[in-house]
Every structure is written in C-alpha cells, then in structure tokens.
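> Okay, here's the structure, questions in a sec.
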Amino acid sequence: MIVFPNAKINLGLNVVEKRSDGYHNIETVFYPISLCDGLDVVESDRFEFTLSGMDIQANPENNLVTKAYILLKKEFGLPPIKIHLHKVIPVGAGLGGGSSDGAFMLKLLNELYGLRLEIGQLEKYASILGSDCPFFIRNNPAYATGVGDILTSVKIDLSEYSTILIKPPYSVSTADAYKNVVPSSEKNSIFNILMDSPVSKWKNKLENGLENPVFKMFPEIKLIKEKLYELGALYASMSGSGSSVFGIFSSRPDNPGLYFPNNYFIYL
C-alpha cells in the first residue's frame, strides 16, 4: 500500500511565549502543499526499512515512520512489515516532511489493518510523535496554537495563485531557530490578518517571528526572500523554523530557477 505524505508551509508565525517545559507556544496557520514523499508498506516476515531519494542521514529507528509503526504495533499487535520511504521533501526546511511521514504512516496502518481508529484518535497518536504531526491527519488548512498541536480549521484557498518554494543546500535546526527568538503576545492575530486581508496585503502585515533570528545566522535566506519579491511575489516568507522560503504569485514568473544557484532545491 502506498501513500504520498505532503509538505506544508506556515502562513505567518508568532512566537507567543516560552513554556516551563522549554518549548514555545506559537500562533500560525498550516497550509498543505503538493510537494510530497512516497511511503510504501507491505507485509513481511521481518521488519525492514529502506530509503531512497534524499539522504536524511538518520537511523531508521529514529524516523517518525518507524516510530508510528512501533506505536501502533504495541497497541494492536501488528505483524512485521517492510517499509520503503522515498524522500523528496527537504529536511530542516520548515516544511514538516518528517511529521507528515509519521502521520501518513498512522493513517496507512489504520486502513491497511482495519483498526477503525477515528480522526480524533489518530490525532492523539500523532501528537505523541511530534507537535506538527496532528495537522497532517486531517491535512486541511488549520489555525494552530499551543506548540502547534491545537488546531482549528480555517477556510483559506491559494489554488488560484502560483507558489514557488526555494531552499538553499543547508538546513536550520528548530532549536537554533528558537534559541534567540524574543516571544511576544502583543502582535496582531495571524488569524485575523488572514481572514480580513487579501494575499496582496499580507506583505506588510503577516510576519514569521523566527525570520530575524534565522536571518542573522543565515543572511542568504533573507536574500532569497528579497529576490522572490523582486520577481513579483505578492507575499514571501520563510516557512516555519526551517531554511526554505516560499513566494505566492498571481502568476508564475518566467524561469525563476535562473535567479538561484543550481544547488538550491526549487519547487514550482
């Protein structure tokens, strides 16, 4: 059985406060995009995990796909399986690729073995895997608070626009991105901005509070954002805490890849 875990982008991100457990409460909107990995599972006489595509340089037992299988195996006595994960979504890019893989694995196993887990139950299992994982269970635009795990459905549709995603050949760790951030609970609500303003007005209203700390570490990421605006983006932003930057255009510019180095990941 094969599924295609997709990526997400963040439409704005406010870091509201640092929690006593060391994590941060945030406010953001997760929006799914079509960039996806491939995840294939078949029954086997022994557990096996194989990987292709991008090299994620991680032990199989630390991958959220494996963790999702182990989680449900303990609960439901699942048999051994062979997993193949084809990685296309860059890691450390703020696109939620690993979280999506884990969440889609839960949904796949639920269907493959007829576990009859409802959406709410799947979201609870997903929250054990990671704070972004519950979003990918419903996989619809959602206003997220808490650590990103408290979700409210929102009606946002960017299908009439063209979105371009640019990632330089390096990653940004979530810990590094949050290390120097200054939380603020006084910023305008992302939810209100998105509900009250058209995309053409987001540029001067909708912010990602992690950009400034990341830009100081990696000035090149700031230049990517500026270049997307030069190319005519209505709105451009870093996604989440990672190194990727997306631009939303009324129509796709000609040959945007010409403006970025060949070793950049470019998704149109």
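Values in this text are rule-based calculations from the coordinates and carry no lab data. Being a predicted model, the structure only gives us computed values, none of them experimental. When we count neighbours, we look across all protein chains shown, and the Cβ atoms used for this are built from the backbone with ideal geometry, even at glycine.
> Å³ per residue of the Cα convex hull, for region 2-153?
Working: hull volume 16.9 nm³, N = 152.
So the per-residue Cα hull volume is 111 Å³.
> So, one more: Taking R0 as 22 Å, what's the FRET efficiency between Ile266 and Tyr229 from their Cβ-Cβ distance, rounded to 0.05? Kindly include the intermediate steps, with their values, before the conclusion.
Details: r = 17 Å, r/R0 = 0.75.
According to the calculation, E is roughly 0.85.
> Comparing Asp157, Asp101, Asp21, which has the greatest mean-square fluctuation in the GNM of the chain with Cα pairs linked when under 10 Å apart?
Among Asp157, Asp101, Asp21, the largest mean-square fluctuation in the Gaussian network model of the chain belongs to Asp21.
> Would you calculate the separation in nanometres between label points at Glu48 and Met195, each defined as 7 Å from the Cα along the Cα-to-beta-carbon direction?
Modelled inter-label distance: 5.2 nm.
> Tell me which lysines have Cα within less than 25 Å of Lys73's Cα, excluding those fewer than 8 residues away on the same chain?
Lys82, Lys87, Lys107, Lys124
> Tally Lys and Arg at +1 and Asp and Glu at -1 over the other residues with C-beta under 13 Å from the C-beta of Phe136: what net charge comes out?
Details: positive: Lys8, Lys107, Arg138; negative: Asp37, Asp101, Glu123, Asp132, Asp149.
Taking every Cβ under 13 Å from that of Phe136, the sum is -2.
> Please give every one of the aspartates and glutamates within straight-line cross-link reach of Lys205, meaning a C-alpha to C-alpha distance under 19 Å, and leave out same-chain neighbours fewer than 8 residues apart.
Glu27, Asp157, Glu186, Asp196, Glu226, Glu230
> Using only the Cα atoms of the chain, each taken as one equal point scatterer with no solvent, compute I(q) by the Debye sum, divide by I(0), and report log10 of the ratio at q = 0.08, 0.10, 0.16 Å⁻¹.
Log10 of I(q)/I(0), two decimals: -0.32, -0.51, -1.24.
> Report relative contact order for the chain in percent, whole number only (criteria: Cα-Cα under 8 Å, sequence separation at least 6). Walk me through the numbers before you get to the answer.
Values: 541 pairs, mean separation 63.1, N = 268.
Reported relative contact order: 24 percent.
> Also: Quick one: among Tyr161, Tyr113, Tyr178, which has the greatest mean-square fluctuation in a GNM of the chain with alpha-carbon springs under 10 angstrom?
Tyr113
> To the nearest 0.05, how large is the calculated FRET efficiency for Glu75 and Ala175 if R₀ is 22 Å and r is the Cβ-Cβ distance?
Numbers: r = 30 Å, r/R0 = 1.38.
Approximately 0.15, to the nearest 0.05.
> Counting only DSSP beta bridges with both residues in region 29-86, tell me the antiparallel percent, nearest 5.
Values: 6 of 11 bridges.
Bridges in region 29-86 are about 55 percent antiparallel.
> Same structure, new question: I want the local charge near Pro168. Using Cβ-Cβ distances under 12 Å, sum +1 for each Lys or Arg and -1 for each Asp or Glu among the other residues. All intermediate terms of the calculation are to be shown ahead of the outcome.
Numbers: positive: Lys167, Lys222, Lys225, Lys227; negative: Glu220.
Surrounding charge for Pro168 is +3.
> Magnitude of the Cβ-charge dipole of the chain, K/R +1 and D/E -1, about the Cα centre, nearest 20 debye? Display every interim value, and only then the final one.
Values: 25 positive and 28 negative charges, 57 e Å.
Magnitude of the dipole: close to 280 debye.
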